[in-house]
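Undergrad: Have a look at this one before I ask anything.
The values are calculated or read from the model by the stated rules, or taken from the named source; none is laboratory data. The shown structure was predicted, so the numbers you read here are calculated from the model rather than taken from an experiment. Cβ placement follows ideal geometry from the backbone for every residue including glycine, while neighbour counts extend to all protein chains displayed.
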C-alpha cells in the first residue's frame, strides 16, 4: 500500500534521503526565494537518477498592460519586480540554473497569462501594497500614479483593459 501525504518543509533543506522520488516539482516558488539555486539542488538531490525535475515560475519582468503611459508603468513595475519579490525575474533564470546543475534533456515551455479585468489585475499584482512605496521611494510621483491608474480605470470602464504576464515551465532529467 502506498501512503500519500503532504509534508511542510524548508525548500532549501528537504527532509528526505538522496534519490527517494521518481520526480520533483515546484510551482511559483522560486520567485519568492533568495537562493533558488539551493532549492533546485535539493530537488535534484532527492530525485532518483533518471527522474525528472520540473519547475514552473513567473517572470514578473514580462508584466505589461495597454496604457498611454508606458514609461510610468515600466518604472512602477520595475520597482515592483526588484523590491517586492526576492527573485522577480525567476522565469528567465531557470534555463541557466538547470544547465548549471547538469540536468539533461531539458524541455522548456513558456506561457502568457492575460487579464481583461483591471480590478483582478490590480489584486493579482498586489498593486495597493507597492504603489505607495514606489511614490515614497521617488520612483513615480503621486500625479503620475493617478494618471496611470485613471487611464487603466477608463479603459476598464470601456471594456478595453488588457494586461499580460509571462511564465516558464522547464523540465530536466537527472542522469546520475
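Undergrad: Under 9 Å by Cβ, and 6 or more places apart or on different chains, what pairs join a residue from the stretch 9-28 that is farther than 22 Å from residue 173 by Cβ with one that is surrounded by 14 or more Cβ atoms within 10 Å (Cβ to Cβ) and modelled with pLDDT under 95?
TA: From the stretch 9-28, the pairs are 9/16.
Undergrad: Okay, next question. Looking at the stretch 14-26, which of the residues that are part of a loop (DSSP other than H, G, I, E, B) and out of contact with any helix residue (DSSP H, G or I) (no Cβ under 7 Å at 6 or more places or on another chain) is modelled with the highest pLDDT?
TA: To start, the set of residues in the stretch 14-26 that are part of a loop (DSSP other than H, G, I, E, B) comprises 14-20.
This time we only want the ones that are out of contact with any helix residue (DSSP H, G or I) (no Cβ under 7 Å at 6 or more places or on another chain), so: 15, 17, 19.
Working: 15: 93, 17: 94, 19: 97.
Selected residue: 19.
Undergrad: Sticking with this structure for a sec: Go through the residues of the stretch 27-35 one by one and say whether even a single one is at pLDDT 95 or above, over 20 Å from residue 107 (Cβ atoms) and buried (at least 18 other Cβ atoms within 10 Å of the Cβ).
TA: Yes.
Undergrad: Which is touching a helix residue (DSSP H, G or I) at 6+ places or on another chain (Cβ under 8 Å), closer than 21 Å to residue 139 by Cα and surrounded by fewer than 16 Cβ atoms within 10 Å (Cβ to Cβ), of 66, 71?
TA: Details: 71 fails: touching a helix residue (DSSP H, G or I) at 6+ places or on another chain (Cβ under 8 Å).
Testing whether each residue is touching a helix residue (DSSP H, G or I) at 6+ places or on another chain (Cβ under 8 Å), closer than 21 Å to residue 139 by Cα and surrounded by fewer than 16 Cβ atoms within 10 Å (Cβ to Cβ) leaves just 66.
Undergrad: Being touching a helix residue (DSSP H, G or I) at 6+ places or on another chain (Cβ under 9 Å) and loosely packed, with under 14 Cβ neighbours inside 10 Å is the filter here; which residues of the stretch 84-99 pass it? Lay out the reasoning, then the answer.
TA: Let us first name the residues in the stretch 84-99 that are touching a helix residue (DSSP H, G or I) at 6+ places or on another chain (Cβ under 9 Å), namely 84-91, 93-94, 97-98.
86 - this is the single residue of the stretch 84-99 that is touching a helix residue (DSSP H, G or I) at 6+ places or on another chain (Cβ under 9 Å) and loosely packed, with under 14 Cβ neighbours inside 10 Å.
Undergrad: Any idea which residue in the stretch 115-155 is farthest from the chain's Cα centre (by Cα), counting only those that are touching a residue at least 40 places away in the same chain (Cβ under 8 Å) and surrounded by fewer than 12 Cβ atoms within 10 Å (Cβ to Cβ)?
TA: Filtering the stretch 115-155 for residues that are touching a residue at least 40 places away in the same chain (Cβ under 8 Å) and surrounded by fewer than 12 Cβ atoms within 10 Å (Cβ to Cβ), the one farthest from the chain's Cα centre (by Cα) comes out as 137.
Undergrad: Pairs please, first residue from the stretch 59-77 and without any contact (Cβ under 8 Å) to a residue 60 or more places away in the chain, second anywhere and surrounded by fewer than 19 Cβ atoms within 10 Å (Cβ to Cβ) and part of a loop (DSSP other than H, G, I, E, B), Cβ atoms under 6 Å, 6+ apart in sequence or on different chains.
TA: Partner pairs satisfying both residue conditions: 61/89.
Undergrad: Another question, then. For the stretch 161-176, indicate whether the set of residues that are assigned to a helix (DSSP H, G or I) and either modelled with pLDDT of 95 or more or surrounded by 13 or more Cβ atoms within 10 Å (Cβ to Cβ) (or both) is non-empty.
TA: From the stretch 161-176, those assigned to a helix (DSSP H, G or I) are none; that's our starting set.
No, because not a single residue in the stretch 161-176 is assigned to a helix (DSSP H, G or I) and either modelled with pLDDT of 95 or more or surrounded by 13 or more Cβ atoms within 10 Å (Cβ to Cβ) (or both).
Undergrad: Considering only residues that are part of a strand (DSSP E or B) and in contact with a strand residue (DSSP E or B) (Cβ under 7 Å, 6 or more places away or on another chain), which ones fall in the stretch 43-59?
TA: Keep residues of the stretch 43-59 that are part of a strand (DSSP E or B), which gives 47-59.
Selection gives 47, 48, 50, 51, 52, 53, 54, 55, 56, 57, 58, 59.
Here's the yes/no breakdown for (1) touching a strand residue (DSSP E or B) at 6+ places or on another chain (Cβ under 9 Å); (2) modelled with pLDDT under 95:
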{"site": "78", "(1), (2)": "yes, no"}
{"site": "83", "(1), (2)": "no, yes"}
{"site": "96", "(1), (2)": "no, no"}
{"site": "108", "(1), (2)": "yes, no"}
{"site": "113", "(1), (2)": "yes, no"}
{"site": "116", "(1), (2)": "yes, no"}
